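No lab work stands behind these numbers, since they all come straight from the coordinates. This structure is a prediction, so every number in the text was calculated from the model and none was measured. In this analysis, Cβ positions are derived from the backbone assuming ideal geometry, glycine residues included, and neighbour counts consider all displayed protein chains.
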Amino acid sequence: MAFKYDDYVYSKKIIARRLQGFVPEVLITLGSGLGFMADEVEDPLYVPYDEIPNFKTCTAPDHKGRFVFGKLCGKNVAVMQGRLHCYEGYTMEEVTYPYRTIRLLGTEKLILTNAAGCVNMNWHVGELMLIGDHIRLFGNGPLQGENIPEFGPRFCDMSYVYSQRLQDLAESKARKLDMPLRKGVYMFFPGPNFETPAEVRAARALGADAVGMSTVPEATVAAHCGMEVLGITVLTNMAAGVLPQPLSGDEVNEAAAKAAESFSGLIRAVLTEM
Ligand code: HPA
């Protein structure tokens, strides 16, 4: 189904009614293993996705499928406790629907987090990576179909998807916290299967440092509707073929849980000043 501008406006209206004047300054999407950060939101107001018209809900493990609106580090936030993925059978348009909807509330900043496989042979599992840029070469993009000019132009510039200002802020906060923070290129694969070793070698040859199944659809739509985006990845496993062993979802979740404390520390530090 192709959504019209009025569909987004209607969904926004339903959320706004629940929010009673509260306007989130920052939208934060919590990836695998990070859902717990939503429990740190003060004066939380929960809005499950399935109570909002046109929203899909989460089927991925550890993705609760609700917004948590409230205060975090002094900022009004909308936290997505669980995101939608194309591998759940949703279209790119459905996956990115919440972002355009929240943008209509007046929210201008977005923090996207995720877990990803590490393609860069010099880096290690458990490290955090600032997303400097991304690659999505194949498959559909979320802006295909009729353009909605109220959100942005038909031919959207992608030169500055990830805000330099927010990258600088994250790097300076990481230094202060004495926390190593890599910076690299995230390459999107649709999943739900992990990549083949040959795909990982191809990703490396193309300039990717990490591979994952999320974030790029959301960042693309956010760039289109003029949001300032910060993307942070936790490298939960060496990508397929790097080590002589198979990958598993459990390995990803365990590594994400281990990195959770440093991840949330960095996000809180950035949020305070963003
Ligand atoms: N590939 C794709 N997505 C992922 C991976 C991976 O190796 N690890 C965590 N998410």
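Quick look at the values:
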quantity: Modelled FRET efficiency - R0 22 Å, Lys183 with Lys75, Cβ distances, 0.05 increments; calculated: 0.40
quantity: GNM top mover of Arg175, Arg136, Arg83 - the chain, alpha-carbon springs below 10 Å; calculated: Arg175
quantity: Span from the the range 236-274 Cα centroid across to the the range 28-88 one, whole angstrom; calculated: 18 Å
quantity: The chain - charge dipole about Cα centre, Lys and Arg +1 at Cβ, Asp and Glu -1, debye rounded to 20; calculated: 400 debye
quantity: Pairwise FRET efficiency - Ser159 versus Asp39, Cβ, R0 = 51 Å, nearest 0.05; calculated: 0.85
quantity: Formal net charge of residues neighbouring Gly191 (Cβ-Cβ distance under 12 Å; K, R +1; D, E -1); calculated: -3
quantity: GNM top mover of Gly70, Gly21, Gly241 - the chain, alpha-carbon springs below 10 Å; calculated: Gly21
quantity: Ordering of 6-18, 208-220, 260-272, 151-163 by packing [mean C-beta count within 10 Å, highest first]; calculated: 208-220, 260-272, 6-18, 151-163
quantity: Global geometry of the range 206-266, whether rounded, prolate or oblate, following the gyration tensor of its Cα atoms and the 1.5 cut on a/c; calculated: oblate
quantity: Residue of Pro246, Pro180, Pro53 that the Gaussian network model of the chain assigns the largest fluctuation, springs spanning Cα pairs under 10 Å; calculated: Pro246
quantity: Over the range 119-170: Rg over Rh, Cα atoms, Kirkwood Rh; calculated: 1.08
quantity: Percent of Cα-Cα distances greater than 35 Å, calculated over the chain; calculated: 10 percent
quantity: Spherically averaged projected area of the range 21-106 from its Cα convex hull (nm²); calculated: 5.4 nm²
quantity: 12 Å beta-carbon shell around Gly126, net charge (K/R +1, D/E -1); calculated: -2
quantity: Simple Cβ-charge dipole of the range 1-101, Lys/Arg +1 and Asp/Glu -1, about Cα centre, in debye nearest 20; calculated: 260 debye
quantity: Net +/- balance of residues flanking Thr29 in space, Cβ distance below 10 Å, scoring K and R +1, D and E -1; calculated: 0
quantity: DSSP H segments from the chain that extend 20 Å or more along their own axis, Cα-based, with Kyte-Doolittle mean of -1.0 or above; calculated: 5-19, 249-273
quantity: CD proxy at 222 nm, helix term only [per DSSP H run n ≥ 4: -39500 (n - 2.57); per residue of the chain; nearest 500]; calculated: -10000 deg cm²/dmol
quantity: Extension reserve of the Glu108-Glu150 stretch, reckoned as 0.36 nm per residue once the Cα distance is removed; calculated: 13.6 nm
quantity: Global form of the range 134-274, assessed from the alpha-carbon gyration tensor, a/c cut-off 1.5; calculated: oblate
